[in-house]
Amino acid sequence: MLFQLKSIKPVLLSATLLLISAPSVFADDKPYTVTNGNELDASSYAGFKLYRNFCARCHGTYGQGMVGPNLAESLNVISKEEFFNTVEHGKTGTIGSMPAWSSNAKVMKGREDIYNYLKARADGAIGEVKPKKAN
């Protein structure tokens, strides 16, 4: 009986640790919420409005790319930090240059929201439709 208790302790410890860490393993870490196919949470919708005003002229209405690259695809390749760095400092690429937005307080303050909106596009959570703000 004593042998069985000693062998059960490591199993119980392992199971307990697994259960404690499970929420982080299974947590939905998406920075946005999309409902009904086109309704965005407040932060992502604010990002859409900023994107529309400052980014769409080069990157397309839905992030599909025009003069600038397709951001709906790019956000599946680059990290959030790379996105933030490019927004702040700009970038020169093979098809042109993106200006630095570091002097634009609205863009810098809202770049997290812009990222959230574009990540929803990149993940396919919202298609090429005009988003609405969820109630």
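So for region 92-105 (the condition being modelled with pLDDT of 95 or more, more than 18 Å from C58 (Cα to Cα) and in a helix (DSSP H, G or I)), does at least one residue qualify? So far as region 92-105 goes, yes, one or more of its residues are modelled with pLDDT of 95 or more, more than 18 Å from C58 (Cα to Cα) and in a helix (DSSP H, G or I). Among the residues that make up region 36-51, is at least one of them among the aliphatic types (A, V, I, L, M), touching a strand residue (DSSP E or B) at 6+ places or on another chain (Cβ under 6 Å), within 19 Å of N135 (Cα to Cα) and not in a strand (DSSP E or B)? Checked region 36-51: no residue is among the aliphatic types (A, V, I, L, M), touching a strand residue (DSSP E or B) at 6+ places or on another chain (Cβ under 6 Å), within 19 Å of N135 (Cα to Cα) and not in a strand (DSSP E or B). Of the residues examined, A72 is one that is touching a helix residue (DSSP H, G or I) at 6+ places or on another chain (Cβ under 7 Å), assigned to a helix (DSSP H, G or I), at pLDDT below 95 and under 26 Å from N36 (Cα atoms).
Of all residues assigned to region 58-67, at least one qualifies as being surrounded by 13 or more Cβ atoms within 10 Å (Cβ to Cβ), modelled with pLDDT under 95 and among the aromatic types (F, W, Y). Out of K130, K119, one residue alone is exposed (fewer than 12 other Cβ atoms within 10 Å of the Cβ), under 17 Å from A46 (Cα atoms) and not β-branched (V, I, T). It is K130.
If the condition is being out of contact with any strand residue (DSSP E or B) (no Cβ under 6 Å at 6 or more places or on another chain) and over 17 Å from N70 (Cβ atoms), then region 105-134 contributes A105, K106, V107, M108, K109, G110, R111, E112, D113, N116, K130, K133. Give the residue, chosen from G90, G68, G96, that is touching a Pro at 6+ places or on another chain (Cβ under 6 Å) and either more than 12 Å from R121 (Cβ to Cβ) or polar (S, T, N, Q) (or both). Answer to the selection: G90.
The number of residues in region 109-134 being outside any helix (DSSP H, G or I) and free of Cβ contacts under 8 Å to residues at least 40 places away in the same chain comes to 1. Quick one: is A22 at pLDDT below 90 and buried (at least 16 other Cβ atoms within 10 Å of the Cβ)? When the stated conditions are applied, A22 does not pass them. Among the residues of region 62-74, the one identified as in contact (Cβ under 8 Å) with a residue 60 or more places away in the chain and more than 12 Å from Y117 (Cα to Cα) is Q64. Of all residues in region 89-109, those being surrounded by 15 or more Cβ atoms within 10 Å (Cβ to Cβ) and in contact with a Phe, Trp or Tyr (Cβ under 9 Å, 6 or more places away or on another chain) number 3. Residues that are more than 18 Å from S44 (Cα to Cα) and either surrounded by 12 or more Cβ atoms within 10 Å (Cβ to Cβ) or in contact with a strand residue (DSSP E or B) (Cβ under 9 Å, 6 or more places away or on another chain) (or both) within region 68-88 comprise G68, P69, N70, I78, E82, N85, T86, E88, listed in sequence order.
The values are calculated or read from the model by the stated rules, or taken from the named source; none is laboratory data. Predicted model, so just to flag it, every value in this text is computed and none were measured. All Cβ positions, even for glycine, are placed from backbone atoms using ideal geometry, and neighbour counts span all protein chains on display.
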